[in-house]
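These notes concern the structure reproduced below.
The values are calculated or read from the model by the stated rules, or taken from the named source; none is laboratory data. Being a predicted model, the structure only gives us computed values, none of them experimental. Please note: Cβ atoms are built from the backbone with ideal geometry, for glycine as well, and neighbour counts cover all protein chains shown.
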Amino acid sequence: MIAALKGEVLTADATSVVLSVGGVGFQVLVNPDAAALCHIGAEATLHTALIVREDSLTLYGFATELEREAFGLLLSASGVGPRTALAALSVLTPADLVGAIRTENLLALTKVPGIGKKGAQKIVIELKDKVLSLGLGEGSDGAATATAGDDEVWRGQVIGGLQGLGWTQKDAESAAEQVAPLAVDHTIGELMRAALQTLARH
């Protein structure tokens, strides 16, 4: 298992990065917190999970070990695939996820693209006891704060990230516009979560 990668960021957007490690470029699919850690030309460390399929090997990267563990836990629930698990950790912190499952907060879980009421109920039933292993610690954004001067950068990352999670370009652009006032003093990860929350209310 490839549990972590540390290397120079060759490319980065809201949903994936390429890290150069020992002369090899690894493409890693990421959530907003991890994406915010990666700046082209700088060094970054991602906690990773390797998903093996018959026709592919896919790496998923996270800012913290706790997020990676939460990702693995979600995958243990029937009907939850990597894309849905990654979306869940784009909307909810590990602490929020644990709280939602333990308190059977289906509304919080259904804010995740790809999880409906029945799916949320199955997650609660299957993971309610298992989430205790994660504890209640929150993951860290570990990212630089977005500023008003970074408008095109954060806006492009948020819109691209939302589209990567399954939202239409129109919905993504609308959500980005609604969270624009927050861009002065919030990270990309926080902006993504805020945008997802606006979409969940519709």
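For L57, the test of being without any contact (Cβ under 8 Å) to a residue 12 or more places away in the chain and part of a strand (DSSP E or B) is passed. Scan segment 52-64 for residues that are at pLDDT below 95 and of a type outside the set (S, T, N, Q) and the total you get is 6. Quick check: anything in segment 61-84 part of a strand (DSSP E or B), touching a strand residue (DSSP E or B) at 6+ places or on another chain (Cβ under 6 Å) and surrounded by 23 or more Cβ atoms within 10 Å (Cβ to Cβ)? Yes, some residue in segment 61-84 is part of a strand (DSSP E or B), touching a strand residue (DSSP E or B) at 6+ places or on another chain (Cβ under 6 Å) and surrounded by 23 or more Cβ atoms within 10 Å (Cβ to Cβ). Number of residues in segment 18-39 that are touching a helix residue (DSSP H, G or I) at 6+ places or on another chain (Cβ under 7 Å) and hydrophobic (A, V, I, L, M, F, W, C): the value is 3.
Restricting attention to segment 85-103, the residues that are over 17 Å from W167 (Cα atoms) and outside any loop (DSSP other than H, G, I, E, B) total 9. Checking segment 113-121 against the condition returns a match, with at least one residue being at pLDDT 90 or above and surrounded by 21 or more Cβ atoms within 10 Å (Cβ to Cβ). Select from segment 108-136 the residues that are assigned to a helix (DSSP H, G or I), of a type in the set (D, E, K, R) and under 11 Å from A88 (Cβ atoms) and list them in ascending order. Once the filter is applied, which keeps residues that are assigned to a helix (DSSP H, G or I), of a type in the set (D, E, K, R) and under 11 Å from A88 (Cβ atoms), segment 108-136 yields nothing.
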